Structure formats: structure tokens, C-alpha cells
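The values are calculated or read from the model by the stated rules, or taken from the named source; none is laboratory data. Worth saying up front: this structure is predicted, and the values here are computed from it rather than measured. Please note: Cβ atoms are built from the backbone with ideal geometry, for glycine as well, and neighbour counts cover all protein chains shown.
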Amino acid sequence: MYKALRGMNDILPGISGIWQELEKNAISVLRQFGYSEIRTPVMEEKGLFVKSVGGETDIVTKEMFSFQDRGERDVVLRPEGTAPIVRAYLEANLHKTDPFQKFYYIEPMFRSERPQAGRLRQFHQIGAEAIGSLNPVVDAEIILLLAAILDKNGIKDYTIRLNNLGCHNDKIRLSEALKEQLSDKEVLLCDDCKKRLQKNPLRVLDCKKDSCRNIAKGALKSIDFLCENCKNHFAGVKEYLKGTSAEKKCINDPYIVRGLDYYTSTVFEVSHPALGAQDAIGAGGRYDNLVKEMGGSALGAVGFALGIERMLMACSKDMAVFKGSATVYVATIGEKAAKEGFKITTGLRSADIECNMNYEGSSLKSQMRDADKLGSVLTIIIGDDELAKGEIVLRDMRTKEQISVKFTDILKTVNEKLKTYNL
Ligand code: HAM
């Protein structure tokens, strides 16, 4: 028997209902904040991520599903959403209509990491990107948006760990100082970090190995290398967050450096106790140089991505039990009634009413249990007696009241009843 590939999960019925709920909640918040959906292909040129995420990062060196297509071009399954969106924004000349645009995406991403709880090879992100502004108010909006999506999904107890990496020049000064500071401890670093120390010292700070993490804890902090402009920007973000519900969730964390090279200035990670200490439920920040590096003009940008699988780990237990649903359930007794029931079910579905029935000839008792389980508001019951009279019994599941309704009046009566419940 074939099995799904390691780290790539099926999203089975039951769980898929929770996904839909979570995505629906997220989309309603994203629209409220004025973000429009963008969808990009799952496969991109490898160079796109080497250039943006960075040639020395774990994602690019170890985690990309990378291969040659039939035309011998180097392609990858996208490991993240930000670089493809900047590519699409520039390729479609979206900046010409309005340089400031806000996008969201809900898409699968692929990273060949060692699978474990909350770490998959195909995972899904809900992301948002605001491209075209350097204003700290947009950083605040992005953080508020992320918090609103978590809140709307009933996810509590999360912490937003905020830091500022500084601009390109600040990062260079920090990198040089780090190189000097860590060169004393070079022998204690893992082999990868020995190379990183020479080529991209900041990457040493997000190495996942314990020995390197211990060294990173005593390392220099980006916050001490900020220029005046970056200091003001960071203060501005905090000022805009002041008094909001998200402010209570934010703490300063000078050790947030992010594992992707495109970040400058504001960076943040969202942690949650349901996940291990190393794994974030979501993360993001500014990437003010990326649009220019990809061939556009100098435009600021900021965004985040939340991991859906990790959001599910943090969801309340109520949300984790999804029972399926049917507004109207059709229960039938006998073969002839089942045929009539199928016609009624089809008719109600055509009228846009969520309707379900049992096809297995189960007992009435078990069908009524199903109706309850699916949360039906009305149940239609048909047996031989009803068939002979050309009518059905309509049971209101909330009041338990039952009335007889002619076949010809079913749709009208069902609609009237549902209207009384605002459905
Ligand atoms: P990231 O930190 O690499 O950032 O990923 C964001 C979120 O995706 C993580 O916090 C986590 O919830 C989820 N995630 C990442 N890897 C895995 C995995 N292997 N299994 C399950 N979930 C995972 C980015 O991807 C940036 N593009 C975020 C961003 C958007 N920055 C600016 N705009």
C-alpha cells in the first residue's frame, strides 16, 4: 500500500472542517484590514530564494525541494511566500497602479526539514504582505492584523517577541562586530557556523544546535547597533501599538534575528506554550531592500506568516472537535422513501440549503442520532405512511415540534422555518 511522503500530511474530513473555519475567520479579518488575496505558483526558479532568503540560510542550503525540470532549469517548491509575492508584484507591474499594496495568501509551503510535531515538509501558511511603505504605522498594522487573526480563532496565551535588526548599514556594522566577538569561540561552533561566521555571521545567531545557541545567548545585540533612523522607527512602531490589545501581547526580545536574510528593521516571532520553545506559531518583519534587490524601486515592505498546523496545535479543544454539519437532515424508512428522500435532498441542495441524508437504510433511531450529531436544525422524516399521503413530517430539532407538510410545500416551509432562526 502506498503511503503519503514523510512530513506531508493528508488533511482528512473532520480536521478539514476546522481548517475551513480557521481560514474563514482569517479571511474575514484580512478583508477587514483591506488585504487582497494573491496566489502564486508552487514552483519557482531556485535563484529567487537564493537571492532573497539568502545563500547561507538553512532554508536555501538544506531545506529546499530543489530539482531540474525537463528543460534543465533549476526549480524549487516554494519554501516561503514573501519572495514570490515581491516577484509577482514586480512582474505584473502592480507598483505602477499604486506603489502601496496589501496582499494576503493561504498556501502550502515546502521545506525538507526533519519532521516532528509542528514541523512538516509540506505545511501551510496564512501570510500578509504590505508593500510600498516605510511608515512604522504599517508595522503596527501588520502586528495588529496577526493578533486579530489569532484572537478571532480563539488562540490565547501567545507572545509577540519584537526586535529591530537595523537597516542594511546597521546590519553590516553588527555583522562585523559579531565576527570579531565570535572568532574567539570559533572552535566551539558547529561546522556550518564556522563557515557562517566568515560569510554571514548573523546566521550563527539562529543556528538550531545547542552548542551554538548557548554562544548566541551571550552575543552582541542588534538593538545596540541601530542608527538614529532605525531607533526612531522602532519607537514609532511601539507608539502606534500603544493602548491596543496587541500591545499587551508584545515583549522586547533582542535575540530575535530571523532565519531569512531579507529582513531589516522590525522583526518579530510569535511564540505559544502549546509549541516547543524553538518553534514559532508565526513570524515576520520588514524587508525594506528586497523590492529594489529584485529589480524594483526602493520601497519599504513588511509582512508576516502564520503556520496553520501550528495554529491548530494552539486552538482551543472546542475548535478541535468538528462534527460536520447539515442544516436539514432527511431521515427515511424503507427503500421507496429513500428514493423520495434523495429527490428532496437534491431539491433542497439546489435551493442552496445545506442538506444531508443516510444512504445505508439505517434505523430511524440511528438516523436521528446522525441528525443530532450534524447539528441539524430541521429533520424531514418520510416512511410508507407519509409516501401514501404525499407528505413528510418536518421536525424542528430545537423545539421538538413536528408538523406534516405536503411534498409541494417542502421548500417553502423549510425556508420559512429557517428564516425564524435567521438562517
Ligand atoms: P518563517 O519564520 O520561515 O517566515 O515561517 C513562518 C511560520 O511558518 C513559522 O512561524 C511557522 O509557524 C510556520 N512554519 C515554518 N516552517 C514550518 C515547518 N517546517 N512546518 C510547519 N510550520 C512551519 C516566513 O516564511 C516569512 N516568509 C514570513 C514573512 C512574511 N516575513 C515577512 N513576510
**Study point:** Complete set of residues in region 292-313 that are more than 10 Å from the ligand (Cβ to nearest atom) and surrounded by fewer than 22 Cβ atoms within 10 Å (Cβ to Cβ)
**Key:** Lys292, Glu293, Met294, Gly295, Gly296, Ser297, Ala298, Leu299, Leu312
Check your understanding: Among the candidates Asp352, Asp288, which residue alone is in a loop (DSSP other than H, G, I, E, B), at pLDDT 95 or above and more than 18 Å from the chain's Cα centre (by Cα)?
Key -> Asp288
Review point. Does region 95-117 contain at least one residue that is in contact (Cβ under 8 Å) with a residue 12 or more places away in the chain, more than 16 Å from the ligand (Cβ to nearest atom), part of a helix (DSSP H, G or I) and not hydroxyl-bearing (Ser, Thr, Tyr)?
Key: yes
Practice item. Return the total of residues in region 127-143 being within 14 Å of the ligand (Cβ to nearest atom) and either crowded, with 24+ Cβ neighbours inside 10 Å or hydrophobic (A, V, I, L, M, F, W, C) (or both). Key: 9
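Return yes when Ala388 is exposed (fewer than 12 other Cβ atoms within 10 Å of the Cβ) and of a type in the set (A, V, I, L, M, F, W, C) and no when it is not.
On the way: exposed (fewer than 12 other Cβ atoms within 10 Å of the Cβ): yes; of a type in the set (A, V, I, L, M, F, W, C): yes.
When the stated conditions are applied, Ala388 passes them.
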Practice item. Would you tally the residues in region 280-291 being within 12 Å of the ligand (Cβ to nearest atom) and β-branched (Val, Ile, Thr)? Key: 1
Point to revise | Looking only at region 364-382, and only at residues there that are assigned to a loop (DSSP other than H, G, I, E, B) and aliphatic (A, V, I, L, M), the one that is nearest to Val414 (Cα to Cα) | key: Val377
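Which strands (runs of 3 or more DSSP E) does region 1-79 wholly contain that include 1 or more residues that are surrounded by 17 or more Cβ atoms within 10 Å (Cβ to Cβ)?
Numbers: elements: 43-45, 66-68, 74-77.
It comes to 43-45, 74-77.
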**Study point:** Residue list for region 383-423, filter: more than 20 Å from Asp372 (Cα to Cα) and either touching a Lys or Arg at 6+ places or on another chain (Cβ under 8 Å) or part of a strand (DSSP E or B) (or both)
**Key:** Asp384, Leu387, Gly390, Glu391, Ser404, Val405, Lys406
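Would you check if Tyr262 is assigned to a loop (DSSP other than H, G, I, E, B) and among the aromatic types (Phe, Trp, Tyr)?
Details: assigned to a loop (DSSP other than H, G, I, E, B): yes; among the aromatic types (Phe, Trp, Tyr): yes.
Answer is yes for this residue.
Against the condition farther than 30 Å from Gly166 by Cβ, of a type in the set (D, E, K, R) and surrounded by fewer than 14 Cβ atoms within 10 Å (Cβ to Cβ), how does Arg114 come out, does it pass? Break it down into steps so the answer makes sense when it comes.
Details: farther than 30 Å from Gly166 by Cβ: yes; of a type in the set (D, E, K, R): yes; surrounded by fewer than 14 Cβ atoms within 10 Å (Cβ to Cβ): yes.
Yes, satisfied.
Considering only region 10-24, state which residues are more than 16 Å from the chain's Cα centre (by Cα) and within 16 Å of the ligand (Cβ to nearest atom).
Of everything in region 10-24, just one residue is more than 16 Å from the chain's Cα centre (by Cα) and within 16 Å of the ligand (Cβ to nearest atom), namely Asp10.
Matching residues to (1) over 13 Å from Asn163 (Cα atoms); (2) in a loop (DSSP other than H, G, I, E, B):
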site	(1), (2)
Tyr240	yes, no
Pro254	no, yes
Glu269	no, no
Gly276	yes, yes
Lys292	yes, no
Practice item. Answer yes or no: is there a residue in region 235-255 that is more than 16 Å from the ligand (Cβ to nearest atom), more than 28 Å from Asn135 (Cα to Cα) and surrounded by fewer than 15 Cβ atoms within 10 Å (Cβ to Cβ). Key: no
Check your understanding: Only one of these conditions is not met by Ala277: (1) at pLDDT 95 or above; (2) more than 8 Å from the ligand (Cβ to nearest atom). Which number is it?
Key -> (1)
